[in-house]
Amino acid sequence: MSTSELKARLAERIEALSGVSAKDIYDWFETPPEAHMGDLALPCFRLSRAMRQAPQKIAEHLIERIGDSIPEVRSYEAVSGYLNVFYDRVWLARTVMEKAIEEGETPGRPTIGEGQTALIEFSSPNVAKEFHVGHAFTTLLGQAIANLYDYSGYRVVRMNHIGDYGTQFGNLIVAWKRWGDETALEREPIKELQRVYVKFHREQENDPELEIEGRAAFVRLENGDPETTALWQKFRKLSLDVFNVTYDRLGIHFDNTNGESFYSDKIPGLMTWLQSKDLLTLSEGAVVVDLEEYKLPPCLLIKSDGTTIYASRDLASILWRDETYDFDLNVYVVGLPQSHHFKQVFAVMHKAGFKKADRLKHVGFGTVMFGDQMFSTREGNTIPLSELLNESVAKTKSIIVENNPDMPPAEAQDTAEKIGISAVVYTFLRNGREKDIHFSWEDVLDFEGDSAPYLLYTLARCHSIRQKAKEHGMENRASFTAAHAEALADDEAVAVLKLIDGFGKAIELSVTQFEPSIVVRHTMTLARAFNKFYQNHSILHAEEDAVKEARLFLLDAVINTMSAGIKLAGMQIVERM
């Protein structure tokens, strides 16, 4: 019987005594914040209405009636209206370890996504603009979410909805024709395109005609003008080549990189579909969908000059994606400032009777700032992500070389690359996604405490112990036995066991809440618990063979669980630091 099955059995027993459904009781069970408070806790005030007693009396009554009917429970306590449940530790050790051994390198793997397809759209940088630190949030968050969905059994399609269309490209084309430098474009394409883009908006303040020229250039682009189209295609290719360098470095790949432009010729079909639903209306020459019943302003689809906008292209993409992938979930990992946009888009699909309108999900996240300064490509105040990664890797390498003077240069560079990039990834994922990140070099490069290097060092230490065990002939061991379980009944071992056992639940919560920080925090807590265990209990020098073997079993489970958590977050593993 697993711990979740024991929890269900307890819930059923309490249902029989209280009349409250076992499902509700199961959901009400909490994990106490401190070990001395038990392994499970039921707040009995939730049963007061049904049992017509004070919470403390209910807890005492339940203990009396349950008695010793569940042998896997060592004891119960009634404290401040809570029913605290203490597992039998030997049973817990054997249950958790047998499950961990069976699961191997895929610990806690849920099956909630089997037979379902999830489209995860993330990153989506704009062509001709710097891939800066602000873009890292959607990129790293989206990759982690995609990893979690993949791990949970979904067929995942990673989508990069490149921003390669819109009025801004008309502005860029005008700017390039006026101020572009072909030599500079060949040398540093993004830097040159961004230079003229910033110059356009600065000049526009004194020359309003520039805005008119930009709009006209975009109209020409939509109409397929050869010269305008050739320039746009050139800028797009140069930008993607630069973006791919960063993606490769982060270990990120996409299954689909259709940009906004891909959906331009599909908008007439969208408009015909919406017209068949009698949803289109004219407003001052523009085409809109009224959303008053959703308490939203009209959704603009076609401007008065006949050009399309984000909403029309996003709507067309939904129809194409459903036809192409028959998705069960379509997730947009896009910043919180775009919440209103997605509310309108989803409302249009709902009003049109699209059957999967409720399966469209916007996963928002906070902003990234240096101090109190927000990023703006238009203003030219961005910090390239590549610069941040380079700085993190360089700092890491200096520490590695200092601590490991005998490490070969190639290995030192490779290790620094993995740790340095993981340090950046961890910075973005360690807290809830809707929290703003007030970015500083000190936070990213903090190699002590709440950081990726701490996680990776703990795992590297585990691998080192495992390697030494192998060198001492401890590789092949018997199956996990009752004697092994008895050797893992101390406080520190139980703390580690409970975290290994809870890893699957952490993954499920991360998936259902689109919140990778849950599994990241769980992995960090496991690292701290193992370090505490290791400080108090020798593994290789334990006096009794059964104890030594038990601790090696536990070590393997820690390695597998931590490795899974680190990989799911998009970080990289090193076996020596």
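Laboratory data are not the source of any read-out in this text; all were calculated from the coordinates shown. Quick caveat, the model's predicted, so the values are computed rather than measured. In this analysis, Cβ positions are derived from the backbone assuming ideal geometry, glycine residues included, and neighbour counts consider all displayed protein chains.
The figures follow:
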item: Residue-by-residue Karplus 3J(HN,Hα) for the range 271-284, coefficients 6.51, -1.76, 1.60, Hz, glycine and proline x; result: 5, 5, 5, 5, 5, 5, 8, 6, 10, 8, 9, 9, 9, 6
item: Built amide H within the under 5 Å cut-off of Gln116, gap 5+; result: Arg155
item: Theoretical ellipticity at 222 nm over the chain - DSSP helices of four or more residues, -39500 (n - 2.57) apiece, nearest 500; result: -18000 deg cm²/dmol
item: Under Karplus coefficients 6.51, -1.76 and 1.60, residue-wise ³J(HN,Hα) of the range 164-169 in Hz, glycine/proline x; result: 10, 8, x, 4, 4, 7
item: At q = 0.06, 0.08, 0.11 Å⁻¹, base-10 log of I(q)/I(0) for the chain (Debye sum, equal scatterers on each alpha carbon); result: -0.41, -0.69, -1.10
item: Inverse of mean 1/r across different Cα pairs in the range 3-87, Kirkwood, Å; result: 12.5 Å
item: Relative frequency of Cα-Cα separations exceeding 17 Å in the range 261-363, percent; result: 50 percent
item: Per-residue ³J(HN,Hα) for the range 292-297, Karplus 6.51 cos²θ - 1.76 cosθ + 1.60, θ = phi - 60°, Hz, x for Gly and Pro; result: 4, 5, 9, 6, 10, x
item: Stokes-Einstein D (µm²/s) once Rh is taken as the Kirkwood radius of the range 385-568 over alpha-carbon pairs, at 4 °C in 1.567 mPa s; result: 72 µm²/s
item: Amide H contacts under 5 Å for Ile302, placed H, 5+ residues apart; result: Val287
item: Per DSSP, loop trypsin sites (Lys or Arg not before Pro) in the range 25-57 with at most 15 further Cβ within 10 Å; result: Arg52
item: Flagged links, alpha-carbon separation over 31 Å, of Lys343/Lys435; Lys355/Lys435; Lys532/Lys567; Lys355/Lys567; result: Lys355/Lys435; Lys355/Lys567
item: 15 Å Cα-Cα reach of Lys234 towards aspartates and glutamates, excluding residues that sit fewer than 8 places from it in its own chain; result: Asp164, Asp181, Glu182, Glu186, Glu188, Glu192, Asp225
item: Interchain or long-range residues, amide H under 5 Å from Arg74's placed H; result: Phe86, Tyr87, Asp88
item: Sequence of Leu540, Leu385, Leu83 once ranked by neighbouring C-beta atoms within 10 Å, starting from the fewest; result: Leu540, Leu385, Leu83
item: Antiparallel DSSP beta bridges within the chain, percent to nearest 5; result: 55 percent
item: Principal axes of the range 204-322: Cα extent on each, largest first, Å; result: 47, 42, 28
